[in-house]
Amino acid sequence: MGGLGNDPVNAEALDGSGTNNANFSTPVDGGRGRMQMYVWTSMAPDRDSTFDTTVLFHEYGHGVSNRLVGGPSVTMSALTARGMGEGWSDFYGMTLLTDAAENPHGNWPAAGYLTQLRSGWLTENYYYGLRRYSYSTDMLKNPLTFKDIDPTQIDLHPTVPRNPTYGSAQDDTQVHYQGTVWCTILNELRANMMIKHGALAGNERAMFLVTEGMKYSPANPNFVQSRDGILQATLVNHAEDMGEVWTAFAKRGMGDGATAPDSSTTTGILEQYDVPDSLEIN
């Protein structure tokens, strides 16, 4: 309901204008969105990104976040906002494929199908996927915390196995790397909801709170502002889940006292692992 018309999504499978990528361009409300799904030639054999549903949902997720964050007449352009856009999209790829047997503490790869034999040899594609770490609540499998988007504080986590197609150097300000940190945090929220409400109901609750949280975020938010949007959505719609939401953020360094700089930079992160006093449990 509401919004301007005449802006259907134009979804293009086997788009021949590029390779080894996919994208979703999102103009402001009233402009037609465009999804372009390319063939990936860096794998053997070539693979059609349209057949990797995690990628399809990821790209469509860009349309959702761009229309909701800051309102339908604003698109995300700042560095950390675009980084979170990649994380929101991975999150949709995860949640929209969840079934009743899902283990909230399991491992989830983004683009597992597309990355088989990546670089000519990767066979751990259904563990790592396209990201440096598999999405997991286990800190020994995915160690990322809030500070890992800050070039002055990043921890390379040398004791945790990393996707072997990535070198030791990490551009922590790159949007997909930021997105991996953001989706890792959102996955903690998802796991807490699934444990509390059951796999399907909890997954749906997490997706609802994250999506509603976008509507409470300012234009081009930083990580903390987007966290606060989700907290506000929780308070308004499901206040009984505030404890689980706060502890999810706090586990990865986005607790009550965490701060972030303007969304044009990732330098100046302050991690905190606390929750508000009223939620503390001894």
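If you take the square roots of the eigenvalues of the alpha-carbon gyration tensor of region 6-155 and sort them as a ≥ b ≥ c, do you get rounded (a/c under 1.5), prolate (a/b over b/c) or oblate?
Since a/c reaches 1.5 but b/c is at least a/b, the shape of region 6-155 is classed as oblate.
Of LYS147/LYS251; LYS141/LYS215; LYS141/LYS251, which pairs sit farther than 23 Å apart, going by alpha carbon to alpha carbon?
Long pairs (Cα-Cα over 23 Å): LYS141/LYS215.
Counting heavy atoms of the protein chains only and a 1.4 Å probe, report the per residue accessible area for the chain as a whole number of Å².
42
About its Cα centre, what dipole magnitude does the chain give when the only charges are +1 on Lys and Arg Cβ and -1 on Asp and Glu Cβ, stated in debye to the nearest 20?
On the way: 18 positive and 32 negative charges, 83 e Å.
My answer is approximately 400 debye.
Only Cα pairs within less than 10 Å get springs; with that Gaussian network setup on the chain, which residue of ARG190, ARG32, ARG118 has the largest fluctuation?
ARG32
Take the chain, connect every pair of alpha-carbon atoms lying under 10 Å apart with a spring to form a Gaussian network, then pick out the residue of ALA101, ALA239, ALA248 with the largest mean-square fluctuation.
ALA101
When the helix-only estimate is applied to the chain (DSSP H runs of n ≥ 4, each -39,500 (n - 2.57), divided by the residue count), what is the mean residue ellipticity at 222 nm, nearest 500 deg cm²/dmol? List each step's numbers first, then the result.
Values: 7 runs with 102 residues, N = 282.
Only helices count here, giving -12000 deg cm²/dmol.
Taking a 1.4 Å probe, which of THR80, THR41, THR173 shows the most accessible area, and what order do the others take after it? Before the final figure, lay out each step's value.
Working: THR80 5, THR41 65, THR173 45 Å².
Solvent-accessible surface, decreasing: THR41, THR173, THR80.
To make sure I understand the rule: partners must be aspartates and glutamates, Cα under 13 Å from the Cα of LYS196, and not fewer than 8 residues away in the same chain. Which ones qualify?
Those aspartates and glutamates meeting the cut-off are GLU188, GLU204, GLU240, ASP241, GLU244.
The values are calculated or read from the model by the stated rules, or taken from the named source; none is laboratory data. Just so you know, these numbers come straight off a predicted model, no measurement behind them. So basically every Cβ, Gly included, is an ideal-geometry build from the backbone, and we count neighbours across all protein chains shown. Accessible surface areas use protein heavy atoms only, side chains included; no ligands, DNA or RNA. Shrake-Rupley method; radii C 1.70, N 1.55, O 1.52, S 1.80 Å.
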